[in-house]
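Undergrad: Here it is, the structure, as structure tokens.
The values are calculated or read from the model by the stated rules, or taken from the named source; none is laboratory data. Just so it is clear, the model here is predicted, and its values are computed rather than measured. In this analysis, Cβ positions are derived from the backbone assuming ideal geometry, glycine residues included, and neighbour counts consider all displayed protein chains.
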Amino acid sequence: MGKVRNNALMRGFSGAIGDDLVLRQLDKQTIFSRRGVVKKKPSEQQTANRMRFAEAALFAASKLKQPKASLEYKIMAALQGHRTAQLAAISDFLNDPKIAGVDLKEYNGRVGDVIGIIPELPYKIIAIDVQIFAADGTLLEEGKAVEHELNWKYIATVVNPMTKGTTIAFVSHDRLGKTTAFSSFLKGKNG
């Protein structure tokens, strides 16, 4: 792979030259490389992955034509480390709204205790439903988490006299309507 420098003829050009040279654009630079040789037919999984990526690219192109969505994807790109809003939109399409972890240090079963929620990707999740179950499976409380900087938090509204064995369930939602479930089990605390 090489870079084309100070060549007005090649600047901005993408595509094949002959049977073995390919030019493409990357970060406003023209890159050239040998054309890859495909020796066998793609597997069903490879074909499915290519179709999914093509759908993601079409999704991104349509969303970036909408001013509000375009702004959201520019913000998402900055927060998630993508080079462009298009890459952020493709990532948004391909990824589920997963929770990376929870912080239960401040939850001791009292009203006002805070449960911290850490998303896997910043700005991906738009809502989180929370349910707290007692050790016997009884639903103690449920509600919505609120955004807190780039993370989320849930503030307890019901007393939980015995936190040991408590299960806290989370359902996260993204702007595309996808949901992901996550749960955490308290095994070491007593109320």
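Undergrad: I need the full set of residues from segment 78-117 which are of a type outside the set (Lys, Arg), farther than 30 Å from PRO161 by Cα and not in a helix (DSSP H, G or I), in order please.
TA: GLY81, HIS82, THR84, ASN95, ASP96, PRO97
Undergrad: Further question: Picking from GLN66, GLN80, which residue would you name as being among the polar types (S, T, N, Q), under 30 Å from PHE170 (Cβ atoms) and either in contact with an Asp or Glu (Cβ under 7 Å, 6 or more places away or on another chain) or crowded, with 16+ Cβ neighbours inside 10 Å (or both)?
TA: Sole residue among the options that is among the polar types (S, T, N, Q), under 30 Å from PHE170 (Cβ atoms) and either in contact with an Asp or Glu (Cβ under 7 Å, 6 or more places away or on another chain) or crowded, with 16+ Cβ neighbours inside 10 Å (or both): GLN80.
Undergrad: Restricting attention to segment 1-34, which residues are among the hydroxyl-bearing types (Ser, Thr, Tyr) and either over 19 Å from ARG83 (Cβ atoms) or modelled with pLDDT of 70 or more (or both)?
TA: THR30, SER33
Undergrad: Keeping to segment 85-135, report how many residues are over 23 Å from ALA57 (Cβ atoms) and either touching a helix residue (DSSP H, G or I) at 6+ places or on another chain (Cβ under 9 Å) or free of Cβ contacts under 8 Å to residues at least 24 places away in the same chain (or both).
TA: 5
Undergrad: Output the residues belonging to segment 90-135 that are basic (Lys, Arg) and surrounded by fewer than 19 Cβ atoms within 10 Å (Cβ to Cβ).
TA: If the condition is that a residue be basic (Lys, Arg) and surrounded by fewer than 19 Cβ atoms within 10 Å (Cβ to Cβ), then LYS98, LYS105, ARG110 are the ones that fit.
Undergrad: Just need a number here: residues in segment 123-178 that are under 30 Å from LYS74 (Cα atoms), hydroxyl-bearing (Ser, Thr, Tyr) and not in a strand (DSSP E or B).
TA: Here the count works out to 1.
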